[in-house]
């Protein structure tokens with residue numbers, strides 16, 4: 001039995017779609033099962049409720065061999081550690097009490113760097129890893145840079161103004177990965193019962209790009225000028241608060257971006273194993289261009 005959290009989320013639904021035809025029994029935890037297609041509901045077992053609830057995870061993890069764990073973003077959290085670590089505590093109790101064998105979780109790059117302790121969401125993700133590892137379960141933390149798919153949040157200014165925005169330096173070259181590749185790695189691990197122990201699995205995409213590089217590629221694919229405009233960290237934080245985020249969430253986003261701007265994501269050496277296939281150009285052609293056109 002494989003249990004999938006966030007089955008309607010960006011990564012979770014891609015993991016679910018990959019595993020549906022695997023022949024393995026699938027159980028999902030869904031706060032709102034109506035968001036699952038009727039075709040999917042017919043093929044999986046559904047446990048309704050939030051996966052931060054002890055009764056929900058105890059029910060869902062009963063008889064589970066493997067769990068895909070992803071903490072959903074909580075923009076209203078009053079503490080970023082609460083959003084990641086405290087949210088995961090019930091699951092960790094259930095991992096132990098229900099005898100879960102393997103867990104694959106979405107985490108972040110940065111362990112072992114000087115910036116790891118002051119990197120907002122990254123720091124909280126690494127603390128979550130430590131908590132899960134403390135259960136003794138066989139564990140793989142998928143450690144990623146920023147997602148290409150995050151750019152979809154700026155489809156409107158890309159479409160209407162030919163611009164996208166962020167606080168990172170225009171020429172800072174960073175790895176970036178597609179969520180489809182994260183889901184592919186997660187699915188492979190969830191189906192493989194041969195691994196044990198605890199380790200991280202970096203997912204770095206095929207290349208390092210600056211935001212100016214990305215703007216050039218987007219311009220070519222969209223056949224219209226697109227440019228990146230760097231904004232201040234103060235303006236970046238204010239944007240989150242204006243959209244209703246808590247001060248703690250907004251500050252954690254700033255702290256994470258400051259760390260990335262200082263090279264947090266560049267500390268992980270690229271290897272053939274950590275190089276995933278989807279290029280930014282391919283992602284723009286297959287995901288961004290249809291989104292901008294719609």
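The values are calculated or read from the model by the stated rules, or taken from the named source; none is laboratory data. In this text the structure is predicted, and so the values were computed from the model without any measurement. Positions of Cβ are backbone-derived with ideal geometry, glycine not excepted, and every protein chain shown enters the neighbour counts.
Table: residues versus (1) part of a strand (DSSP E or B); (2) over 30 Å from residue 66 (Cβ atoms); (3) in contact with a helix residue (DSSP H, G or I) (Cβ under 9 Å, 6 or more places away or on another chain).
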position: 186; (1), (2), (3): no, no, yes
position: 190; (1), (2), (3): no, no, yes
position: 199; (1), (2), (3): yes, no, no
position: 214; (1), (2), (3): no, yes, yes
position: 240; (1), (2), (3): no, yes, yes
position: 244; (1), (2), (3): no, yes, no
position: 255; (1), (2), (3): no, yes, yes
position: 258; (1), (2), (3): no, yes, yes
position: 271; (1), (2), (3): no, no, no
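Is there a residue being buried (at least 17 other Cβ atoms within 10 Å of the Cβ) and assigned to a loop (DSSP other than H, G, I, E, B) anywhere in the stretch 60-69?
yes
This table checks each residue for (1) touching a helix residue (DSSP H, G or I) at 6+ places or on another chain (Cβ under 9 Å); (2) crowded, with 19+ Cβ neighbours inside 10 Å.
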{"site": "93", "(1), (2)": "yes, no"}
{"site": "112", "(1), (2)": "no, no"}
{"site": "130", "(1), (2)": "yes, no"}
{"site": "133", "(1), (2)": "no, no"}
{"site": "158", "(1), (2)": "yes, yes"}
{"site": "169", "(1), (2)": "yes, no"}
{"site": "173", "(1), (2)": "yes, no"}
{"site": "180", "(1), (2)": "yes, yes"}
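The number of residues in the stretch 39-55 that are in contact with a strand residue (DSSP E or B) (Cβ under 6 Å, 6 or more places away or on another chain) and surrounded by 15 or more Cβ atoms within 10 Å (Cβ to Cβ) comes to 4. From the list 217, 203, the lone residue that is touching a strand residue (DSSP E or B) at 6+ places or on another chain (Cβ under 6 Å) and surrounded by 15 or more Cβ atoms within 10 Å (Cβ to Cβ) is 203. The set of residues in the stretch 70-86 that are in a helix (DSSP H, G or I) and within 16 Å of the chain's Cα centre (by Cα) comprises 80, 83, 84, 85. Tell me yes or no: at least one residue of the stretch 261-272 is closer than 30 Å to residue 24 by Cα and modelled with pLDDT of 95 or more. So far as the stretch 261-272 goes, yes, one or more of its residues are closer than 30 Å to residue 24 by Cα and modelled with pLDDT of 95 or more.
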